[in-house]
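Read through the structure below, which is laid out as structure tokens, and then see the notes.
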Amino acid sequence: MYIIVKNSRLSLLAFIVLIVFSVVSYSCIKEEDPKAVVIGEPFEGGVVGHIFEPGDPGFVDGETHGIIIAPVEQVFEAQWGCQGTEVTGTSTEVGFGRINTEKVLAFHDALPNFYTNPTQCHPDNDGTVAARLTIGFENGGFNDWFMPSLKEMDFLYQNRDKIGGFSTVEYWSSCESNAVNACVMSFITGEQLSRPKSELRRVRVIRFF
């Protein structure tokens, strides 16, 4: 009788351990496995904005990669930066959003006292720089966010209805047009335009996974 009870207890214990292990394993896969991501669903600090497909820059056969966009609650407004001086070297291509953002920040950091004396660039400059706020942004434990390039924004525009939360106003990209203007995009019409860098506009940052 003792042996039967003992074996029953061991069997029950083994069954409980198996159930717990299964639940934990499923939870980890659900939260961390990129293969389970769906456009428009929460993932790694934001919302899945695009999943790279064959032919997309960033696509890797047998792997799942794409773009995560910050939640609508984390949208902020800022000027693009110094109006009247050219950063040079920004790109509209996919994969250059982070490079652009870091380049724009480095440019403004190198300007003598720009943040405390922004009108040295233009009377309307207020010292805010979208790239600076972006690099300092953290959400969901992730701090590798950047301003999208125009072609990265194209992907987001294609999936705008699934992502949700876009305003009727235009959003800054990380791309520069010239010394006076930087690139914006409307998520209502898909238009990509140039606007003065000292204008206050929305920024919705992204990261890759």
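Building the convex hull from the alpha-carbon atoms of the range 47-208 and averaging its projection over directions returns 9.2 nm².
Using the Cβ-Cβ distance between Val60 and Ile188 with R0 = 35 Å, the FRET efficiency computed as 1/(1 + (r/R0)^6) comes to roughly 0.60.
For the range 55-89, the residues whose amide N sits under 18 Å from a probe point set 7 Å from the Cα of Val169 along the beta carbon direction are 70-82. Charge tally for Ile68 (other residues, Cβ to Cβ under 9 Å; Lys, Arg +1; Asp, Glu -1): 0. Could you tell me which of Thr92, Thr119, Gly164 has its Cα farthest along the dipole of the range 82-177 towards the positive end, charges placed at Cβ (Lys, Arg +1; Asp, Glu -1), taken about the Cα centre? Checking the options against the dipole of the range 82-177, the answer is Gly164. Which stretch or stretches of the range 54-70 have amide N atoms under 11 Å from the point lying 7 Å from Phe142's Cα along the Cα→Cβ direction? Under cut-off, by backbone N: 66-70. Over the range 52-104, the hull volume per residue, using the convex hull of the C-alpha atoms, is 107 Å³. Spin-label model, Val72/Asp126: points 7 Å from Cα along the beta carbon direction are separated by 2.3 nm. Taking amide H atoms as placed 1.01 Å from N in the peptide plane, the amide H of Ala182 lies under 5 Å from those of Ser177, Arg195, Lys197, each 5 or more residues away in sequence or on another chain.
The numbers here are math on the coordinates, done by the rules we state, and not lab data. Computed from a predicted structure; not experimentally measured. Note that each Cβ is placed from the backbone with ideal geometry, even for glycine, and that neighbours are counted across all protein chains shown.
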